[in-house]
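J.: Below you will find the structure I want to go over with you.
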Amino acid sequence: MQQLPVASLRPGVKFEGFLLVRSGEQRTSSNGGKYLDLTLCDTSGDINCKMWDGTVPPPKQGSIIKIRGTVQEYNGRLQMRIERLRNPGPEDDVDPAALMPCAPEKPDSMLDEINRTIEGMKTPELKAILREMIAMCGDRLMYFPAAQRVHHAERSGLLHHTLGVLRAAEAMLPLYPFLDGDLLRAGCIAHDLSKTVEFISDEAGNVSDYSAEGQLLGHLVHGVAQVQEAARRANVTGEYVLLLSHMVISHHGQPDHGSPRPPMFPEAEMLHLLDDMDAKMNEMEGVMRRTPVGAFSEKIWSLDRRLYHPRTHQAENTSPDGTAAPEEKDLYAGLL
């Protein structure tokens, strides 16, 4: 299946190929006309699409469609105007896995690393709570994304983000030996596990909406309840339950970002910093993939800025006179 990856699309490009439906609905324009509003993706990224034909029903989330359209720019963001749309037939031989955004590591492998970390802890209270929290997530943990949009919005993205934060913590602990390593590791593992309740996701990692718990409580408040329930099941009492609950509810850092309490001890502060770093680096990596070297991205609303893709991300391959050699390689190209 040869087609342009979504991350390479630019204004004026004509696209024809198969894409996965992240979301789709029929809407009404200001003049009363009906149109399709779609978010379509492949493994490299997603793009908003419009089809100005009110007679076409919206495709099912998680399905694959073939489209023909033209890429344009609207309000500083890429958008595709679809001219034709159809469901694939048997003759198309489309592999869904070739279009599904997935974490770069297998979920079994990521979960094994997390479980090995838990078993290696020297604090029995934290070990027992985390075992219960992982069990409470069940199979959802294997495919759940970490977000509906923005960072780690991919199949198994929650494991990808959790492991990224945990690995960053392991790198930081030798620099700050006064930290309680087991407490920080526990916070890294526990902080987002309740996203498996906050979202409604299919097994392809597509989030269709927030659950009732997600809209009424959110994953921070529900996460505290999850810690408390896991501690009850594991027969654990004492200060570690309180400390881990605080790390979950404070990991967004401030009220404007959803945390009713700021981090109030060093391990909680470190968790907040590492969580924020991993989320932003993942999002920036995606922006670099779809932004040409030497150019600025569209405005990234979650970061409230545009990003620049440095020319230094090209391979250091210059001629003796200092000019760029004919063949330059974008170091992000292998991520497509």
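J.: Working carefully through the options Leu184, Leu126, Leu159, find the one that is in a helix (DSSP H, G or I) and closer than 28 Å to Asn206 by Cα.
T.: Going through Leu184, Leu126, Leu159 in turn, the sole match is Leu159.
J.: Just checking: which of the strands (runs of 3 or more DSSP E) contained wholly in region 1-118 hold 3 or more residues that are among the charged types (D, E, K, R), touching a Lys or Arg at 6+ places or on another chain (Cβ under 7 Å) and more than 24 Å from Ala153 (Cα to Cα)? Step through it out loud before you land on a result.
T.: Numbers: elements: 14-28, 34-42, 45-51, 64-74, 77-86.
Of the strands (runs of 3 or more DSSP E) lying wholly inside region 1-118, those with at least 3 residues that are among the charged types (D, E, K, R), touching a Lys or Arg at 6+ places or on another chain (Cβ under 7 Å) and more than 24 Å from Ala153 (Cα to Cα) span 77-86.
J.: Restricting to region 168-195, what's the tally of residues that are within 25 Å of the chain's Cα centre (by Cα) and hydroxyl-bearing (Ser, Thr, Tyr)?
T.: Here the count works out to 1.
J.: Report the residue count in region 22-38 for those that are surrounded by 17 or more Cβ atoms within 10 Å (Cβ to Cβ) and modelled with pLDDT under 90.
T.: So the answer is 3.
J.: Sticking with this structure for a sec: Among what's in region 286-314 and is surrounded by 17 or more Cβ atoms within 10 Å (Cβ to Cβ) and among the small types (Gly, Ala, Ser), pick the residue that is farthest from Pro101 (Cα to Cα).
T.: The selected residue is Ser297.
J.: Moving on to the next point. Looking at region 30-43, is at least one residue over 28 Å from Thr291 (Cα atoms) and among the charged types (D, E, K, R)?
T.: yes
J.: Quick check on my filter: what residues within region 120-134 are aliphatic (A, V, I, L, M) and farther than 18 Å from Val224 by Cβ?
T.: Matches in region 120-134: Met121 only.
J.: Take His161 and tell me if it is of a type outside the set (Lys, Arg), touching a Leu at 6+ places or on another chain (Cβ under 8 Å) and under 23 Å from Asp112 (Cβ atoms).
T.: Here the answer is no, as His161 does not meet what is asked.
J.: Out of the residues in region 73-83 that are surrounded by 14 or more Cβ atoms within 10 Å (Cβ to Cβ) and modelled with pLDDT of 90 or more, which is farthest from Arg290 (Cα to Cα)?
T.: Residue satisfying both the conditions and the ranking: Glu83.
J.: May I pose another question? Among the residues of region 308-328, are any modelled with pLDDT under 80 and within 24 Å of the chain's Cα centre (by Cα)? I'd like the intermediate steps shown before the answer.
T.: Narrowing region 308-328 to residues modelled with pLDDT under 80: 313-328.
Now restrict to residues that are within 24 Å of the chain's Cα centre (by Cα): 313.
Yes; the residues of region 308-328 include at least one that is modelled with pLDDT under 80 and within 24 Å of the chain's Cα centre (by Cα).
J.: Here are the criteria: (1) surrounded by fewer than 19 Cβ atoms within 10 Å (Cβ to Cβ); (2) touching a residue at least 24 places away in the same chain (Cβ under 8 Å). Tell me which single one Glu213 does not satisfy.
T.: Among (1) surrounded by fewer than 19 Cβ atoms within 10 Å (Cβ to Cβ); (2) touching a residue at least 24 places away in the same chain (Cβ under 8 Å), Glu213 violates only (2).
J.: A further question follows. Return the residues of region 45-71 that are surrounded by fewer than 19 Cβ atoms within 10 Å (Cβ to Cβ) and under 13 Å from Gln3 (Cβ atoms); say none if nothing qualifies.
T.: Selection gives Lys66, Arg68.
J.: I've got another one for you. When you go through (1) touching a residue at least 12 places away in the same chain (Cβ under 8 Å); (2) of a type outside the set (A, V, I, L, M, F, W, C); (3) out of contact with any Gly (no Cβ under 9 Å at 6 or more places or on another chain) one by one for Glu203, which number turns out not to apply?
T.: (3)
J.: Looking only at region 1-26, which residues are in contact with a Phe, Trp or Tyr (Cβ under 9 Å, 6 or more places away or on another chain), free of Cβ contacts under 8 Å to residues at least 40 places away in the same chain and over 23 Å from Asp202 (Cα atoms)?
T.: Gln3, Leu4 - these are the residues of region 1-26 that are in contact with a Phe, Trp or Tyr (Cβ under 9 Å, 6 or more places away or on another chain), free of Cβ contacts under 8 Å to residues at least 40 places away in the same chain and over 23 Å from Asp202 (Cα atoms).
Let's see how each residue does on (1) free of Cβ contacts under 8 Å to residues at least 12 places away in the same chain; (2) among the acidic types (Asp, Glu); (3) closer than 30 Å to Leu243 by Cβ:
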position	(1), (2), (3)
Met264	no, no, yes
Met270	no, no, yes
Asp276	no, yes, yes
Met284	no, no, no
Val287	no, no, no
Val293	no, no, no
Trp301	yes, no, no
Arg306	yes, no, no
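J.: Is it fair to say Leu179 is part of a helix (DSSP H, G or I), among the hydrophobic types (A, V, I, L, M, F, W, C), in contact with a helix residue (DSSP H, G or I) (Cβ under 7 Å, 6 or more places away or on another chain) and surrounded by 17 or more Cβ atoms within 10 Å (Cβ to Cβ)? Even if it seems obvious, please write down each step before you answer.
T.: Values: part of a helix (DSSP H, G or I): no; among the hydrophobic types (A, V, I, L, M, F, W, C): yes; in contact with a helix residue (DSSP H, G or I) (Cβ under 7 Å, 6 or more places away or on another chain): yes; surrounded by 17 or more Cβ atoms within 10 Å (Cβ to Cβ): yes.
No.
The values are calculated or read from the model by the stated rules, or taken from the named source; none is laboratory data. These figures come from a predicted structure and were not determined experimentally. Don't worry about glycine lacking a Cβ; one is built from the backbone with ideal geometry, like all the others, and counts go over all protein chains shown.
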